[in-house]
Every structure is written in structure tokens, then in C-alpha cells.
Amino acid sequence: MNAIQIHETGGPEVLQLTELPIPVPGPGQVLIRIEAVGVNFIEIYFRTGQYKAALPMIPGSEAAGTVEELGPGVTGFAAGDAVASTSVLGSYAEYALVNAAQLVKVPDGLAPEQAAAAMLQGMTAHYLAYSTCPLKGGDTALVHAGAGGVGLLLTQIATRIGARVITTVSSPAKAELSREAGASDVILYTEQDFEAEVKCFTDGKGVDVVYDSVGKTTFEKSLNCLRPRGLLALFGASSGPVPLFDLIQLSGKGSLYITRPTLWHYIATRAELEWRAGDVLGWAAKGELKLRTEHLYPLAQAAQAQADLGARKTTGKILLEP
Ligand code: NDP
């Protein structure tokens, strides 16, 4: 099978197309034939060495496709089922293994590209809005990178709950997309001081929650955008990791909360996985969650896909087609 492999950390060029044997499912595992691979920012952290992994590795954890073969002891799935997962063991490939416990069925009518676009970023948006800081009608949230993969979905999910969403983006074209997703106010944070703008939009009160995936360049001002006892959910580091931080500052800035959540702890049980995947795939199938999927690359162009994601050239989801 064709697969992308990394033998050393580095720039996008370390993502090499390779011919490898199709893996054989072990106990509890399912072999899937991949039809759409979801590209996510975390793969850049692994490629550059910011996150550690054993090498060589096939990158990627998100894919949608069909069940090819069941390993010993697997029940609940059959060959030919349409499935998706965010826990694929190397999804930049034509075939891959997944533990059956982390695989879900895709509802009828949802194309593999849509399923792969909805799963990881959709369940992230879901846990941020429903669990990390359970939003309610009337809350105000600040979402950074509002036209990104997570940003567009989080804005839609937060607004369907009834929250007001203020976003930041880097260009007028991205601002337009963010508004279409439901943002009430959009700030061009590459030109405007987002802290001052947020204060202005909230009559000086600040927001209830900031969802910050940008990290280094936004972290400090994100704290300043919060109301007293507000929550900063720092869930990514697209601009780089935040510097060391003295917790006493949380007191001075209004008894604030910070959390650094990750999806894996919010889909750790089968019940939570089925809840979140069921919601986002179901909404996507009904057209209630709009997926932006026009960034489609052949598997062999994985390096270009990651380069574009890292260079802020993309909006919504990036997919690879094996
Ligand atoms: P995005 O589509 O959001 O792409 C990243 C965006 O970040 C860019 O488009 C850009 O938007 C913005 N950005 C700001 N500064 C930079 C910079 N210096 N370099 C690159 N991008 C920058 O990616 P994803 O939706 O895949 O992921 C968003 C973030 O969420 C990532 O940090 C990812 O690691 C994190 N994440 C965390 C999860 C978790 O559970 N903790 C799960 C999923 C994702 P703009 O041009 O508008 O500034």
C-alpha cells in the first residue's frame, strides 16, 4: 500500500511517500480501507519534534473509510461498514489499523470526506463547548483562529447553544467565513489589538471564556479579555508554546481559571466517544453543521498540505485522498 512515512523530524519534506505492506489486524483491531484522511495541526507538532514519537512513523490519527477485515474478538462491525475514527494508527495511508473501541459507524448519507472533516475538529469543538466550559444561552466566548478547522465548528456549535461568539482571524476573507459560521463580531488580530476590541464589544466586562488554540502570540492578552472568574481553555499552540507563567497572575487578573485540555481525555470512554461522534456526525449528515472541505490533496502531497496549514493559508478542513 502507499503510505507517508517520517524517518526524521524536520520540515514538510520529511513526509515521504513509501510502499509498505498492508497491516494485519490483531485482537480487538479493525483494518480499514481509507477513503479520506483528516489532516490536523498536531501532526505538525510531531513532524517538527515539538511532540515526541518513535520513528519511523506513519503520521495521522483521523480517517474515514470502510471496514476491510476484523481482527480476532471484534464484534459490532462487519466488512464494508462505513466507519471513521480519530485514533487511527497512522492514517496517512491507504489502509490502517484502529482499535475497535475507538471506531464509530458513519451515518447514511455522509460522504467519507465529510466524516473525516467532522470527527476530530468537531469532537474538539463539542467537548470545548459542552464539557470544558459548558456554555449556556447568553454566555460570551472569544474563539481565536475563527476561520480554522476547529474555529468554524466551535463557532457553529457555540452559537447553536445560544452563546455569543467573538472571533479573531488574520484576513478579511477569513473574517467573512467566520461571520458566516455565526460570529457576532470578528477581529483582525494581525492588525487590531484584540484585547481592546473585546473590551469594546463587551462594554468593558470581558468574556466568560476564551478558547485559545494560537498560544504564544495570544495567551497573555487572552487572559486580559476574561471577566472575573472567567476561564481560559488553552487547547493548542499554533503560533508556538506559551512561555512559563506565574500562577499568582491569575489572582490579580480576576481569580481566573486556566485549563489545557486535550481531546483524548474527553473521548476516553465509549459512552463519551459515541455521544460526541454521534452529535457531530449526525448534525453534519442533517446539514446542521456546515463542513468546509475544499482543501483536498492527493496522499502524495501530504507535505504541501501540512506546509499550507502551518503557513495560515487554509480555512476549515484539510483532507488527503489515498
Ligand atoms: P487551524 O485550521 O485552526 O489552523 C491554525 C490557524 O491558527 C491558522 O489558520 C491561523 O489562523 C492560526 N494561527 C495564528 N498564528 C499562527 C501561526 N504563527 N502559525 C500558524 N497558524 C497560526 O488548525 P486546526 O483546526 O487543525 O487546529 C487548531 C488548533 O487547535 C491547533 O493549535 C491544534 O493543535 C489545536 N487542537 C487541539 C485539540 C485538543 O484537543 N487540544 C484538538 C484539535 C486541535 P489565522 O490565519 O486566522 O490567524
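The values are calculated or read from the model by the stated rules, or taken from the named source; none is laboratory data. The structure displayed is predicted, hence computed values, not measured ones. Backbone-built Cβ (ideal geometry, glycine too); neighbour counts: all protein chains shown. Accessible surface areas use protein heavy atoms only, side chains included; no ligands, DNA or RNA. Shrake-Rupley method; radii C 1.70, N 1.55, O 1.52, S 1.80 Å.
If the condition is being assigned to a helix (DSSP H, G or I) and of a type in the set (Val, Ile, Thr), then segment 177-209 contributes only 198. Being assigned to a loop (DSSP other than H, G, I, E, B), at pLDDT 95 or above and open to solvent by 40 Å² or more (accessible area, probe 1.4 Å) is not true of residue 221. Scanning segment 93-151 for residues that are assigned to a loop (DSSP other than H, G, I, E, B) and under 20 Å from residue 25 (Cβ atoms) yields a total of 3. I'd like to check something: does segment 64-73 contain any residue that is free of Cβ contacts under 8 Å to residues at least 40 places away in the same chain, open to solvent by 10 Å² or more (accessible area, probe 1.4 Å) and not in a strand (DSSP E or B)? No, segment 64-73 contains no residue that is free of Cβ contacts under 8 Å to residues at least 40 places away in the same chain, open to solvent by 10 Å² or more (accessible area, probe 1.4 Å) and not in a strand (DSSP E or B).
Per-residue answers, yes or no, for (1) farther than 13 Å from residue 146 by Cβ; (2) touching a residue at least 12 places away in the same chain (Cβ under 8 Å):
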site: 160; (1), (2): yes, yes
site: 167; (1), (2): no, yes
site: 170; (1), (2): no, yes
site: 174; (1), (2): no, yes
site: 179; (1), (2): no, no
site: 183; (1), (2): no, yes
site: 186; (1), (2): no, yes
site: 189; (1), (2): no, yes
site: 195; (1), (2): yes, yes
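Taking the listed residues 276, 292, the one that is within 13 Å of the ligand (Cβ to nearest atom), touching a residue at least 60 places away in the same chain (Cβ under 8 Å), open to solvent by 50 Å² or more (accessible area, probe 1.4 Å) and within 26 Å of residue 88 (Cα to Cα) is 292, with no other qualifying.
Any residue at all in segment 24-32 that is within 15 Å of the ligand (Cβ to nearest atom) and either in contact with a strand residue (DSSP E or B) (Cβ under 8 Å, 6 or more places away or on another chain) or under 25 Å from residue 7 (Cβ atoms) (or both)? No, segment 24-32 has no match at all. Taken across segment 224-231, residues that are of a type outside the set (Ser, Thr, Tyr), within 19 Å of residue 154 (Cα to Cα) and either open to solvent by 20 Å² or more (accessible area, probe 1.4 Å) or at pLDDT below 95 (or both) do occur, with at least one present. When the residues of segment 232-262 are filtered to those that are more than 16 Å from the ligand (Cβ to nearest atom) and surrounded by 16 or more Cβ atoms within 10 Å (Cβ to Cβ), the one that is nearest to the chain's Cα centre (by Cα) is 256.
Go over the candidates 218, 168 one by one and state the one that is out of contact with any Cys (no Cβ under 8 Å at 6 or more places or on another chain), closer than 29 Å to residue 288 by Cβ, outside the structural domain of residue 100 (by TED's automatic domain parsing) and within 15 Å of the ligand (Cβ to nearest atom).
Selected residue: 168, the only one of 218, 168 that is out of contact with any Cys (no Cβ under 8 Å at 6 or more places or on another chain), closer than 29 Å to residue 288 by Cβ, outside the structural domain of residue 100 (by TED's automatic domain parsing) and within 15 Å of the ligand (Cβ to nearest atom).
Does any residue of segment 132-141 turn out to be within 28 Å of residue 160 (Cα to Cα), open to solvent by less than 10 Å² (accessible area, probe 1.4 Å) and not hydroxyl-bearing (Ser, Thr, Tyr)? So far as segment 132-141 goes, yes, one or more of its residues are within 28 Å of residue 160 (Cα to Cα), open to solvent by less than 10 Å² (accessible area, probe 1.4 Å) and not hydroxyl-bearing (Ser, Thr, Tyr).
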